[in-house]
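The values are calculated or read from the model by the stated rules, or taken from the named source; none is laboratory data. None of the values given here were measured: they were computed from a predicted structure. With ideal geometry, Cβ positions are generated from the backbone for all residues, glycine too; neighbour counts draw on all protein chains shown.
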Amino acid sequence: MSSADTTLKHYFVSHEQQFDAAKLGMWLFLVTEILLFAGMFVAYAVYRSWHPEVFLQASELLDWRLGALNTVVLLASSFTVALSIHFVQKGENDKVVVLLIMTLVCAAIFMVVKYFEYSGKFSHGVFPGAGFEPHGIVDGKDYSKYDIPFAPQFFSIYFVMTGIHGVHVLVGMGLFGWLTTRVARGHFSPQYYTPVELTGLYWHLVDIIWIFLFPLLYLI
Amino acid sequence: MSDESHNYLNARKGLWSWLSTTDHKRIGIMYAIACGAFFLLGGILATFVRTELGEPGETILGQDQYNQVFTLHGVVMVFLVIIPAIPGILGNFVLPLQIGAKDVAFPRLNLASWYLFMAGAIMAVCGWLFVGRVDTGWTFYTPYSSGASNAVLWLTSAVFIAGFASIFTGLNFIVTVHKMRAPGMTWNRLPLFTWAIYATGIVQVLATPVIGITMVLLFLEKLLQIGIFDPALGGDPVLFQHFFWFYSHPAVYIMILPAMGIISDLMGTFSRQHVSGYTFIALSSVAIAFLGFLVWGHHMFVAGQSALSSIIFSMLTFLIGIPTGIKVFNWVATMYKGSVWLRTPMIYALMFLFLFTIGGLTGIMVGVLAVDVHLHDTYFVVAHFHYVMMGGALIGLIGGLHYWWPKMTGRMYNETAGVIAAILVFIGFNLTFFTQFFLGTKGMPRRYHDYSEFLEIYPEFAVLNLASTIGSYILGVGLVMILVYALYSLFRGPKATANPWGACTLEWTHTGPVPDEHNFHDTPLVTRGPYDYHLADDVFGKKTES
């Protein structure tokens, strides 16, 4: 219990109060994240309803197999992070370290796949907005045929949404790296594991946003 | 108490002890200094604007300079003064004390918010000064803003960063109110100021991320021409207005709700009476917070929004009048049969009642579709929102600062000077802005640096504008006077007692003249409501003349 006492801030009465406060704060932060993305989802909805045929055609350029792979990877990482919270509550910190590293690896795979997707698009002139000049043939698709009005807008939305989502994944990777070292140094116990729980909450949100991005951008 | 001389101000010394503090009271003082400086800047810019308009023709500013000056005036006053000021200064200082907490729930986040705010503020002002004189108005409407000077990038980033300061402040207060209340501090014993800051927190958390993403999209629009808002690239400028007002209308309630909370506390304390309709006032704050999210379209009646949406937004706008009216009538009822003690804070509370009611009712007027078509973009709207923003939010802030000044500094200010300044502010304010209602109904458009071409039809524009300008000088003199006697009080003012107003909320009854670093020696046990003046005087301390 002595380690738990040093983790109790002087302005809190009990660990329960401190944990509840932190968790409520995190939930509120996640609400702000949802509203941040909501603006982009609204932009997507407006322009999709204006030019549904353009969005349908432009989305053919996105590879749904890579999107699906990333979806599976992120879902797996949500599972590992949930397990890590389970084991940190039981005090089995060796398993927590392994699970957090697995989560980190999943996040890294996600970013690597994203890197190949982005660079593949950039190399054929698929840029957001004014730089949009598709050319070349990939997988039998003639990119130059996609140089149609409002297609740049679809890719603007694609790059902005997945880009900001990607930034969130990077932040998550940083958090998992930091958590791993803290777990390894024995900072957490069944009495105090708030940062693991909160990062887990954050990671689930990052996952959920992708769950919406994937069908909206790749599939429909 | 033997250690009365030991307090939060002298607990640690040196500039670094302030810049690294996590004490909510010190952070409140740091917001006070920062917001005070920005208010001075915004006020000087306002004086330039009014001086230019004092006489017909070009006087001190050219057309472009005029646009640049009112833009910075708007950005500074809205984003760097009115939005952060009351939660930042008084919310930070007072709220944890009022609920019997040792600090806010996340003290380090609280300090980080201040730094984010300062970073945003410095970016905005420096961007405008050194990168390019932005002249888009504080609303940054596209497509003009996405084509304007690159300094727009600085200002949008500044708004984005300062926005996160606001989000984290609101989040901190919500969690603090939920989780940090002292034993016995039930929800229906929360002081109404705390209720108001809580409701404000909800709006800050829910609305501010939307301006954040809007500013990011505007940034990218300018940088990469992503075509979300620019019609030339297939975007929709009205979408920008929707996004902007989805934040900026609720932001109006971020500004006014805390002021309403201050007025509720002042009314109770200085009428020496239980605040009438306590529950209604408390919940009307929450109602305003939620209704505030449903009315943004009333800024866009003439922007190509569908007639049906306009009608719905107009009707929802009228609904806001209900919780607002509940507050106003309950404040008046609180004074009824109370023993009203007319001290400087109470004078500001009465001023608020008068000015805010004018601001609110003219708001209902411009919420009427047919009337708005006539009044849109005229000085009527300028007068309306200054009555709400300045006559409401800032007068509430000034009243609150006078009220909590003894607790914050341990000193009293000169009451006579306070009253004289209040009278100057009242006269100056009304002369400045009431005249603008007439200008607006006659059709004088806002954001024009010169009105000489209208004089043939409306010769009265000259005298009305002159009166407005003279009023702004009187207002300025009143505000400078407050600054002077406040500074004098800091060094020479008589020492304040622990509870000079005989108030009965915890920050007065359970702390020394200047609160201790950790607020309370023992966690207070709350056994009564915040305005239980009907209980014996000895519980709250006798009223003392200072």
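Worth a mention:
- The stretch B:185-205, residues that are more than 14 Å from chain A (Cβ to nearest Cβ) and not in a helix (DSSP H, G or I): B:Thr186, B:Leu190, B:Pro191
Condition check ((1) of a type in the set (Phe, Trp, Tyr); (2) surrounded by fewer than 24 Cβ atoms within 10 Å (Cβ to Cβ); (3) touching a helix residue (DSSP H, G or I) at 6+ places or on another chain (Cβ under 7 Å)) across all residues:
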| residue | (1), (2), (3) |
| --- | --- |
| B:Gly132 | no, yes, yes |
| B:Thr156 | no, no, yes |
| B:Phe160 | yes, yes, yes |
| B:Thr176 | no, no, yes |
| B:Arg189 | no, yes, no |
| B:Ile197 | no, no, yes |
| B:Val203 | no, no, yes |
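- For first residues located in the stretch A:137-153 and surrounded by fewer than 17 Cβ atoms within 10 Å (Cβ to Cβ), partners that are assigned to a strand (DSSP E or B) and aliphatic (A, V, I, L, M) and lie 6+ apart or on another chain with Cβ distances below 9 Å form the pairs A:Ser144/A:Ile137.
- Helices (runs of 4 or more DSSP H) wholly inside the stretch B:1-105 containing at least 1 residues that are in contact with a Pro (Cβ under 8 Å, 6 or more places away or on another chain), at pLDDT 95 or above and not hydrophobic (A, V, I, L, M, F, W, C): B:24-54, B:92-98
- Considering A:Tyr192, A:Tyr218, the condition of being more than 14 Å from chain B (Cβ to nearest Cβ), at pLDDT below 95 and not in a helix (DSSP H, G or I) is satisfied by A:Tyr192 alone.
- The residue that is farthest from B:Gly478 (Cα to Cα), among those in the stretch B:414-432 that are out of contact with any Leu (no Cβ under 9 Å at 6 or more places or on another chain) and crowded, with 19+ Cβ neighbours inside 10 Å, is B:Gly418.
- Criterion (surrounded by 14 or more Cβ atoms within 10 Å (Cβ to Cβ), of a type in the set (A, V, I, L, M, F, W, C), touching a Phe, Trp or Tyr at 6+ places or on another chain (Cβ under 8 Å) and part of a helix (DSSP H, G or I)) met by exactly one of B:Leu466, B:Leu475: B:Leu475
- Residue in the stretch B:206-246 that is surrounded by the most Cβ atoms within 10 Å (Cβ to Cβ), counting only those that are outside any helix (DSSP H, G or I) and at the interface with chain A (Cβ under 8 Å from one of its Cβ atoms): B:Ile228
Yes/no per residue for (1) crowded, with 16+ Cβ neighbours inside 10 Å; (2) within 16 Å of A:Thr194 (Cα to Cα); (3) more than 9 Å from every other protein chain (Cβ to nearest Cβ):
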residue: A:Ala21; (1), (2), (3): yes, yes, no
residue: A:Phe37; (1), (2), (3): yes, no, no
residue: A:Arg48; (1), (2), (3): yes, no, yes
residue: A:Ala58; (1), (2), (3): yes, no, yes
residue: A:Asn70; (1), (2), (3): yes, no, yes
residue: A:Leu74; (1), (2), (3): yes, no, yes
residue: A:Lys90; (1), (2), (3): no, yes, yes
residue: A:Val96; (1), (2), (3): yes, yes, yes
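- The one condition in (1) within 14 Å of chain B (Cβ to nearest Cβ); (2) over 26 Å from A:Tyr115 (Cα atoms) that A:Glu33 fails to fulfil: (2)
- With respect to the stated conditions, B:Ile122 fails to be within 30 Å of B:Ile226 (Cα to Cα), within 24 Å of the chain's Cα centre (by Cα) and within 14 Å of another protein chain (Cβ to nearest Cβ).
- The lone exception for B:His386 - which of (1) in contact with a Gly (Cβ under 6 Å, 6 or more places away or on another chain); (2) under 20 Å from B:Gly428 (Cα atoms) it fails: (1)
- Yes/no for A:Thr103 being part of a helix (DSSP H, G or I), more than 9 Å from every other protein chain (Cβ to nearest Cβ) and of a type in the set (Ser, Thr, Tyr): yes
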